[in-house]
Amino acid sequence: MIGEPIQNSHSNEYNYRFVRQGRNIQEAQERIYEFLLGIVRKWPPEEVLLEFKHLFIHHIDSVSSSCMQAVYEIVFSNDQEEFAHTLKRSCYILINNWDASRNFKPISELIQLFSDPIVDRYTVSPTLKRLRSWIHDFVSSQDFEELKLFTAKYEDHDNGPWVSRYTSYLLVPQYIDLKNPIEQREAARALSKQLKDRFKFDLAMYIARSQLRSASSQPPKNPTALGDEALRLIKVIVARKGQFSYVNLANIFLHQIEQLTFREFKISFQQYLTFSLQKPAVTAFIKTNLTAKLEKLYTNHDDDMVSDALILRTCNRAIDLLTVEKVAEDKSEPTALFIQLNAQGNPITLVVLLLKIILICRHARTHLEAKIAELIKHYQDYPETECTWVVNFLEVFNVTFAIYAENVQYNLVRMQEPMGEQTVFNPDTYRIFSQLRPETKVGLFPNLNLPDDSDPPDSQG
């Protein structure tokens, strides 16, 4: 009994020190963030970069003794995870501010700072040894790979790895992960939008110039990897107009399901997705794979009236079935539907299925793009020559969603009358024009009240 209070005293003292150390680290981090936020708004970028290098890379000669002491406190705490978090957030504070002021060059220069030879230099100082070891580990981490994505819009994608053409999707997991610093999430969202906007603009310019250029002029720059078939594909995609356009079908479907139960909705949803697919064998394959999974989805809600939240959850699960699904906690693989539909050499059917889902539920767009990012990561180590079918899918996906799911409207105009009765669409007899359009209301749920994961539970999907 006598020893028990002493044991508790030691325990309480340990807990006090642990809490105090955590509080000290947090205070040190805030001093660093406030210092960097202050100088990035006032100093020239080259001076900010020099100060960042002094603080984190060289660990000498900072103009702020308080900030240098804060870095020392984090290093002395021997908490590598907190140091990496501090370093990452510091980088995104600078990136966010430079991007907001359209000062892009320093962002690339910030990434280059981590290639300083001093990181690998031997030192007898235990503090510097620990610091350099942690910097070295950070450069080898996934955090640094994500950081390098922010140089994507300054790089020559034609000569880089094939995955660099799809950086706008690779950024999505960064801004939907609530564990990431807010600065990182904001920067990732902003850059992803910038890259998508640039692709939309480049695509519209390519279409216009392709149809206006003379035989002697230089061919316009093609923003896709589809080669000469790009313009023809765009015309085929846009040709679906009138009563049975994808947008009209989505509007009709949303109107028809307003008074359905969730069980009835799941049946109608399958019919909507497979409506007008031209190959019976493909339609049967899709129904076989979708029906069994959708019938079992959130069965405890089968008798409830369908809600926006249930539609969103169902669309997300359908996207999973058509793209990638988890096979382990940290591993995803392409689904049978994804592989089989692409194995035919024509990814339009799969892309149209995904488009139909987004046209009835735009809130599922982010989930879809996160799944596209998982697909890209799954194949990123393959040479482009070994996964041309994946690249082809991504290119068709890019073009289709730029045409249908963005704020640019494309229209076909017949330039010459067909010879005799035309039974097959001939893209060569049409020209395509683009214009900005007002925001569409298709698939938008302005009063969407998102449920937590228990209503309905994702585990049932």
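The values are calculated or read from the model by the stated rules, or taken from the named source; none is laboratory data. Nothing here was measured: the structure is a model prediction, and the numbers come from that model. Positions of Cβ are backbone-derived with ideal geometry, glycine not excepted, and every protein chain shown enters the neighbour counts.
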Take the conditions without any contact (Cβ under 8 Å) to a residue 60 or more places away in the chain, in the same structural domain as GLU395 (by TED's automatic domain parsing) and surrounded by 14 or more Cβ atoms within 10 Å (Cβ to Cβ) and apply them to LEU337. Does it pass? yes
Looking at the stretch 196-234 only, could you name the residues that are assigned to a loop (DSSP other than H, G, I, E, B) and modelled with pLDDT of 80 or more? PRO220, LYS221, ASN222, PRO223, THR224, ALA225, LEU226, GLY227
Condition check: under 29 Å from ALA364 (Cβ atoms) and surrounded by fewer than 20 Cβ atoms within 10 Å (Cβ to Cβ). Does ALA190 satisfy that? yes
Looking at this structure, is GLU325 among the acidic types (Asp, Glu) and crowded, with 16+ Cβ neighbours inside 10 Å? yes
Among the residues that make up the stretch 272-279, is at least one of them modelled with pLDDT of 85 or more and loosely packed, with under 14 Cβ neighbours inside 10 Å? yes
Cβ contacts < 9 Å: first residue at positive phi, restricted to the stretch 44-67; second residue in a helix (DSSP H, G or I) and surrounded by fewer than 17 Cβ atoms within 10 Å (Cβ to Cβ), any location; separation 6+ or different chain. Result? HIS59/TYR72; HIS59/THR127
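So that you can scan it fast, the table gives a plain yes or no per residue for (1) polar (S, T, N, Q); (2) within 19 Å of VAL352 (Cα to Cα):
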residue	(1), (2)
GLU186	no, no
LEU191	no, no
ARG198	no, no
MET205	no, no
PRO219	no, no
ILE237	no, yes
PHE265	no, no
GLN271	yes, yes
LEU277	no, yes
Being surrounded by fewer than 16 Cβ atoms within 10 Å (Cβ to Cβ), of a type in the set (A, V, I, L, M, F, W, C) and under 16 Å from THR127 (Cβ atoms) is the filter here; which residues of the stretch 54-75 pass it? ILE60
Given the conditions (1) surrounded by fewer than 19 Cβ atoms within 10 Å (Cβ to Cβ); (2) in contact with a helix residue (DSSP H, G or I) (Cβ under 9 Å, 6 or more places away or on another chain), and given that ALA309 satisfies all but one, which numbered condition is not satisfied? (2)
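Restricting attention to the stretch 235-274, which residues are farther than 22 Å from ASN346 by Cβ and assigned to a loop (DSSP other than H, G, I, E, B)?
Selection gives ILE257, GLU258, GLN259, LEU260.
Of all the helices (runs of 4 or more DSSP H) wholly in the stretch 308-387, which have at least 2 residues that are under 19 Å from the mean Cα position of the chain (by Cα)?
Of the helices (runs of 4 or more DSSP H) lying wholly inside the stretch 308-387, those with at least 2 residues that are under 19 Å from the mean Cα position of the chain (by Cα) span 308-322, 348-360, 365-379.
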